[in-house]
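Structure first, commentary second.
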Amino acid sequence: MQLTFLTTPIYYVNAQPHLGHAYTTIAADVYARHMRQRGEDVFFLTGTDEHGDKNARVAAELGLTPQAFVDRNSANFLRMTEDVRATQDFFIRTTDEGHMTFVQDFLQTLKDNGHVYEGTYEGLYCTGCEAFYKEEELKDGLCPDHGTKPEWLQESNWFFRLSAFQEPLLAHYDANPDFVSPQSRFNEARAFIAGGLEDVSLSRASIDWGVPLPWAPDQTCYVWFDALLNYASSLTYARPGEDLTARYWPPRWQLLAKDILKFHAVIWPAMLMGANRSLPQRLMIHGYLTVRDTKMSKSLGNVLDPFAVIERYGVDALRYYLLRDVRFGSDGGISYDAVHERYHAELANDLGNLVNRVTAMIERYRDGIVPNAACDPTIASAIEASREAVATHIHELELTEALDAAWLVVRDLNRFVEEQAPWTLAKNPARAAELDVVLYTLADGTRAAAILLAAVLPESAPRILTALGAPDDVDWEHAAPNLLAAGAVVAPAGPLFPHIEESLGGDVV
Ligand code: MSP
């Protein structure tokens, strides 16, 4: 059995979860579910990033303590993961005691290993990013991500000797050409490292809402060091009394978008090297979901509401749409109207109608009983080819390609119904055996398609299996032809993807 440790970023709780967060979580969940289908031992981690000035400020504006504020907002993110049917094995919060103790121990290790020193920091700081900027990195004097004016900060704090890791990092990149995907992000990160690294401050003197440095409790750990360590701390306390580190470390995949590339591809591996720990195997840097060509973000206020989409179309529609409409890895525009369109054209027409037609025909022509026949060889080989392709693509986190490969079976089955015209065969009793083959092929193929799609459509796949009289078991071994038992009794359900009159309209809430 393979072990798979898989992570999403931990999200800032300073505002509400939006479709951008749901996106990364859904993508990771598809991978996690797929690997579990294949019998792998998966540990899927997500959670919330709760320290830092940003939260303390918003809490103060609302008249709340920081803890009360983060408790409330973290719960919204946990609800988001539940609403998108994510199957995380642990939801970490950086205010967890187990996490905070781990951060202190880790910082002490870095210091004991000689990677930490005291100095003075001066610079332009963007609270939105919780990061310092150089003058030349700003856009017209404003933060390139938030469009706000950074503040000048000067304070004495503790530094992490990032510069010392330039050579080891380059060596790691060169020895592991798939450390960062896609290639363009690998090149970007490597070029950044090759351009020279400056030491980074790992503490803040002026911020109380954080983890105190063990050797200087008047300072708190810089929120990014605190946050990155969630990936390691979680394994030490997610299961009380058990340390999962030996079992799952290092992560097989870490998913994130390019906004936080440098933290994950430069600082994070350097921190791990500084503590003599092995590095994550691969980082997947997916693109931005954009609305009218601008990155969706809480600070810009142009967010699509995942809860509204789920309420109107169901969670499978949201999961399907996000992976289908924007090629995973690239940037892409999204809109409520596009959700509406794909829902009807693909989920309702291609898949939902197929299931209804197949079960209705078996009812009508064979009294609801799956006939005893073998799957048509063309469809059988389409299923086998798709099974290979889906697995290969998911392994590389090419999720859109994986979905496309699974959908080919749906398309082939729709073509097969039209070509074979079972309604014509049914009129001629001499062609009963042919009709058996057609009906069996349709039912068996649709069953296999449900298993191929189960990681993306966790609600519909079991419903399809039940409608076809197949066991509700999405084991990957069953993504193969000729496994539907003859004699199974179909149980036609209502429409899987009922018609929805109106789109949520426009593209911005
Ligand atoms: N708290 C930090 C991450 C710390 S990880 C140790 C943070 N949080 S965040 O709430 O801003 O989340 C950023 C992440 O959310 C992105 O890297 C991406 O995974 C996801 N996305 C947020 N908006 C998104 C889009 N518009 N498009 C794609 N992904 C989006 O940064």
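For the chain, Cys221, Cys375 stand unpaired, since no other cysteine beta carbon lies under 4.7 Å from theirs.
How much net charge surrounds Ala374 when only the other residues with a Cβ under 15 Å from the Cβ of Ala374 are counted, with Lys and Arg +1 and Asp and Glu -1? Show your work: numbers first, answer last.
Values: positive: Arg447; negative: Asp376, Glu384, Glu434, Asp436, Asp444.
Its environment carries a net charge of -4.
Summarising the amide proton neighbourhood of Gln219: residues at separation of 5 or more, or on other chains, whose placed amide H is nearer than 5 Å comprise Leu213. Taking amide hydrogens as placed 1.01 Å from N in the peptide plane, the amide H of Gly333 sits under 5 Å from those of Thr290, each at least 5 positions away in sequence or on another chain. If one takes the longest principal axis of the Cα atoms in the chain, at what angle in degrees, from 0 to 90 and to the nearest 10, does the Cα axis of helix 353-366 lie? Between the helix axis and the principal axis of the chain, the angle is about 30 degrees.
When both bridge partners sit in the chain, DSSP labels roughly 50% of those beta bridges antiparallel. Roughly what % of DSSP beta bridges within segment 1-155 run antiparallel, to the nearest 5? So the antiparallel bridges in segment 1-155 amount to around 45 percent. For segment 240-293, the Kirkwood estimate of the hydrodynamic radius, built from every pair of different alpha carbons, is 13.0 Å. The value for the chain of Rg(Cα) / (2.2 N^0.38 Å) is 1.10. The alpha-carbon of Lys139 sits under 26 angstrom from the alpha-carbons of these lysines, leaving out residues fewer than 8 places away in its chain: Lys54, Lys149, Lys258, Lys262, Lys295, Lys298. Normalised by the number of residues in segment 310-478, the average gap of Cα pairs under 8 Å and 6 or more apart makes the relative contact order 27 percent. Put simply, segment 40-86 fits an ellipsoid with semi-axes of 27, 12, 7 Å; these come from the alpha carbon gyration tensor as the roots of five times its eigenvalues, largest first.
What is the percent carbon and sulfur in the accessible area of segment 464-509, measuring with a 1.4 Å probe over the protein chains and ignoring ligands?
That share works out to 56 percent.
Report the gain in length on full extension from Thr245 to Asp473: 0.36 nm times residue separation, minus Cα-Cα distance, nm rounded to one decimal.
Length gained between Thr245 and Asp473: 79.0 nm.
Where a ≥ b ≥ c are the square roots of the eigenvalues of the C-alpha gyration tensor, would you call segment 110-227 rounded, which needs a/c under 1.5, or, failing that, prolate if a/b is larger than b/c, or oblate? Since a/c reaches 1.5 but b/c is at least a/b, the shape of segment 110-227 is classed as oblate.
For segment 310-478, compute Rg over Rh where Rg is the Cα radius of gyration and Rh is the Kirkwood radius from the inverse mean 1/r over Cα pairs. Can you show the working numbers first?
Numbers: Rg = 16.5 Å, Rh = 16.6 Å.
Over the Cα atoms of segment 310-478, Rg/Rh equals 0.99.
The C-alpha atoms of the chain define a longest principal axis, and helix 166-175 lies at about 20 degrees to it. By its C-alpha gyration tensor, with a ≥ b ≥ c as the square roots of the eigenvalues, how is segment 46-153 shaped: rounded for a/c under 1.5, else prolate for a/b larger than b/c, else oblate? It is oblate, given that a/c is not under 1.5 and a/b is not larger than b/c. Over segment 3-286, Cα pairs under 8 Å with separation of 6+ residues give a relative contact order of 22 percent. When you restrict to C-alpha pairs under 8 Å that are six or more residues apart and normalise by the size of the chain, the relative contact order lands at 15 percent. Note that segment 316-324 has calculated 3J(HN,Hα) couplings of 5, 5, 5, 4, 4, 4, 5, 7, 8 Hz, one per residue in order, obtained from phi through the Karplus relation 6.51 cos²θ - 1.76 cosθ + 1.60 (θ = phi - 60°); glycine and proline are x. Classify segment 234-333 as rounded, prolate or oblate from the Cα gyration tensor: take a ≥ b ≥ c as the square roots of its eigenvalues, call it rounded if a/c is under 1.5, otherwise prolate when a/b beats b/c and oblate if not. Judged from the Cα gyration tensor, segment 234-333 comes out prolate (a/c at least 1.5, a/b above b/c). Rounded to the nearest Hz, the phi-derived 3J(HN,Hα) couplings of segment 63-80 under the Karplus curve 6.51 cos²θ - 1.76 cosθ + 1.60 (θ = phi - 60°) are x, 10, 6, x, 5, 4, 5, 6, 4, 5, 6, 4, 4, 5, 6, 4, 5, 4, where x marks glycine and proline.
Relative to the dominant Cα principal axis of the chain, helix 53-62 is inclined by about 80°. Extending 7 Å from the Cα toward the beta-carbon at both Arg292 and Asp178 defines two label points whose distance is 4.1 nm.
Cross-link reach is defined here as a Cα-Cα straight distance under 20 Å, omitting same-chain residues fewer than 8 places apart; for Lys427 the aspartates and glutamates meeting it are Glu363, Asp367, Glu418, Glu419, Asp436.
So, for the chain, what is the accessible surface per residue at a probe of 1.4 Å, expressed in square angstrom?
Numbers: 19970 Å² over 509 residues.
Solvent-accessible surface per residue comes out at 39 Å².
Annotation: amide H-H contacts under 5 Å for Arg93 (H modelled 1.01 Å from N, sequence separation of 5 or more, or interchain): Thr48. Of interest is the spacing of the C-alpha centroids, which for segment 469-509 and segment 129-160 amounts to 50 Å. Between the C-alpha center of segment 409-454 and that of segment 16-30 there is a gap of 36 Å.
The values are calculated or read from the model by the stated rules, or taken from the named source; none is laboratory data. Model, not experiment: these values are computed from the prediction. Cβ coordinates were reconstructed from backbone atoms using ideal geometry, including for glycine residues, and neighbour counts include every protein chain displayed. The accessibility values were calculated without ligands, DNA or RNA, using every heavy atom of the protein model including side chains. Shrake-Rupley method; radii C 1.70, N 1.55, O 1.52, S 1.80 Å.
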